[in-house]
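Please read the structure below before turning to the comments.
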Amino acid sequence: MSEVVVIVRVRGRTHVKPDIEDTLKYLGLTRKNHATIINVNKSEKGMVNKINDYVTWGEITEKTTEELLKSRGRLSGGKPVDDSYVKDNSSFEGISQFAKALAKGEAKLKDIEGLKRVFRLNPPVKGFERGGIKAPFTKGGVLGYRGEKINELILRMI
């Protein structure tokens with residue numbers, strides 16, 4: 001089983017190298033404040049390391065996953081996700097059961113037909129950290145790996 005992480009694009013589209021932009025597009029992170037949840041294996045680990053200077057990422061919890069799906073999960077056509085749609089279009093009973101499976105790595109976003117794999121988030125309440133969007137998280141900025149603290153950021157962005 002692989003680890004499950006959420007990736008949030010922090011920096012914009014200006015002056016991004018083409019190979020990095022392609023990697024961001026492959027993950028669906030085409031704009032600032034877009035997020036996606038992936039199961040990280042060897043190839044995805046390389047992609048995350050490549051885009052490390054444009055995103056922040058970390059392990060997502062079940063509670064945050066459920067909150068993200070309920071408030072920001074969208075279907076094709078921009079309709080919000082609800083329990084009845086999840087029950088009708090997947091093997092899960094509802095959003096909470098799907099969120100638990102997703103956070104444990106037992107499910108993927110594509111298991112629900114029509115669910116968009118990108119979450120459009122707001123800028124975080126009270127802003128990003130004091131170091132800004134060009135400094136790594138370890139030095140007081142925003143970029144790169146932040147572990148469990150990503151959940152606090154996601155909840156501020158919902």
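Summary table below
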quantity	calculated
Any chance SER91 is in contact with a helix residue (DSSP H, G or I) (Cβ under 6 Å, 6 or more places away or on another chain), of a type in the set (Ser, Thr, Tyr) and not assigned by TED's automatic domain parsing to the domain that holds PHE137	no
Any hit, region 39-48, residues being assigned to a loop (DSSP other than H, G, I, E, B), at pLDDT below 95 and of a type in the set (A, V, I, L, M, F, W, C)	no
Positions within region 1-33 being closer than 19 Å to GLU129 by Cβ and of a type outside the set (A, V, I, L, M, F, W, C), in sequence order	ARG9, ARG11, GLY12, LYS32, ASN33
Residues within region 114-158 that are modelled with pLDDT of 90 or more and among the acidic types (Asp, Glu), tallied	2
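For (1) modelled with pLDDT of 95 or more; (2) closer than 20 Å to PRO123 by Cβ, each residue gets a yes or a no:
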| site | (1), (2) |
| --- | --- |
| HIS15 | no, no |
| ALA35 | yes, yes |
| GLY58 | no, yes |
| GLU62 | no, no |
| THR65 | no, no |
| LEU69 | no, no |
| LYS79 | no, no |
| LYS87 | no, no |
| LEU102 | no, no |
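The values are calculated or read from the model by the stated rules, or taken from the named source; none is laboratory data. Just so it is clear, the structure is predicted and the values come from calculations on it, not from any experiment. Neighbour counts run over all protein chains shown; Cβ positions are idealised from the backbone, glycine included.
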